Amino acid sequence: MSGYSLSVFLHVLAAAAWIGGMAFFAAVIVPTLRAPEVRGSASTLLRALGARFRVFGWVSLGALIVTGVTNLWLRGIGWQALSSREFWAMGFGRVLAWKLAVVGVVGALTLGHELLASRRNLDLLDRDPVAGERFRRRASLLGRVVMLLSLVILYLAVALVRGSLG
Ligand code: HEM
């Protein structure tokens with residue numbers, strides 16, 4: 001396997017972990033925590049699962065950025081191309097610009113989600129359920145926006161390699 005293929009392989013694996021992890025959290029973990037039989041320990045479980053998922057998420061996003069850079073480099077796209085206006089104005093460069101812009105928004109919103117779903121705020125779920133629920137709802141909404149934007153990144157990634165947005 002060439003270095004380039006290995007880089008793309010690791011990039012796609014990190015993308016599967018990032019998007020798959022969010023899908024599992026939204027479709028399996030959150031509905032299960034709402035079930036009457038686990039409701040009593042839901043906030044404890046949410047804190048424990050959230051803490052582990054946080055590490056999993058940042059490692060996946062970090063791996064995407066590192067392998068994204070190596071993908072570019074091993075494609076022969078170095079600093080000279082990246083610093084030229086022509087590169088970003090058309091084809092591959094234009095799609096990459098859109099992709100990186102959405103990645104930037106996803107990074108910022110993920111940080112916002114972190115701050116909302118902080119340990120301190122989740123502890124409120126036990127002490128002040130009304131305030132705790134408000135933070136939980138806002139964090140959940142941000143999480144869904146991050147998931148939707150990550151699907152947009154995936155679409156742009158496929159367009160990047162296949163050369164068209166249409
Ligand atoms: C949430 C973040 C990201 C996701 C989900 C993602 C996803 C993907 C996927 C699934 C592919 C393969 C597309 C295909 O073969 O059809 C891909 C390719 C690519 N990605 Fe990303 N990516 C992300 C971030 C980045 C970043 C930050 C960079 C650059 C710094 C980057 C650069 C690239 C490049 C250059 C390719 C083309 C690889 C090739 O030569 O085939 N990606 N991306």
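Across the options Gly93, Leu46, Gly163, the greatest Cα extent toward the positive end of the charge dipole of the chain (unit charges at beta carbon of Lys, Arg, Asp, Glu) belongs to Leu46. About its Cα centre, the range 82-166 has a charge dipole of approximately 120 debye under the convention of +1 per Lys or Arg Cβ and -1 per Asp or Glu Cβ, with nothing else charged.
In the range 6-158, carbon and sulfur make up what percent of the accessible area (probe 1.4 Å)?
Of the solvent-accessible surface of the range 6-158, carbon and sulfur hold 72 percent.
Here Glu86 sits with roughly 130 square angstrom of accessible surface, probe radius 1.4 Å. Per-residue accessible area (protein heavy atoms, 1.4 Å probe) orders Ile65, Ile19 as Ile65, Ile19, starting from the largest. Taking 0.36 nm per residue of separation and subtracting the current Cα-Cα distance, fully stretching the chain between Phe24 and Ala51 would add 8.2 nm. Using heavy atoms of the protein chains and a probe of 1.4 Å, the accessible area assigned to Met90 is about 130 Å². Per residue, the chain exposes 63 Å² of solvent-accessible protein surface, assessed with a 1.4 angstrom probe and all protein chains in place.
Considering all alpha-carbon pairs of the chain, what whole percent are spaced by more than 18 angstrom?
Value for the chain: 65 percent of Cα pairs lie more than 18 Å apart.
A Förster distance of 22 Å, applied to the separation of the beta-carbon atoms of Arg127 and Glu37, puts the FRET efficiency at 0.40.
Using the Cα centre of the range 1-132 as the reference point, and only Cβ charges (+1 on K/R, -1 on D/E), how large is the resulting charge dipole? Debye, rounded to the nearest 20.
Working: 12 positive and 6 negative charges, 15 e Å.
Charge dipole of the range 1-132: 80 debye, to the nearest 20.
When only alpha carbons are used to place a centre, the range 94-154 and the range 37-78 end up 13 Å from one another.
The values are calculated or read from the model by the stated rules, or taken from the named source; none is laboratory data. Fair warning: this is a prediction, and the values are worked out from it, not measured in the lab. With ideal geometry, Cβ positions are generated from the backbone for all residues, glycine too; neighbour counts draw on all protein chains shown. SASA here: full protein model, heavy atoms, side chains in, ligands and nucleic acids out. Shrake-Rupley method; radii C 1.70, N 1.55, O 1.52, S 1.80 Å.
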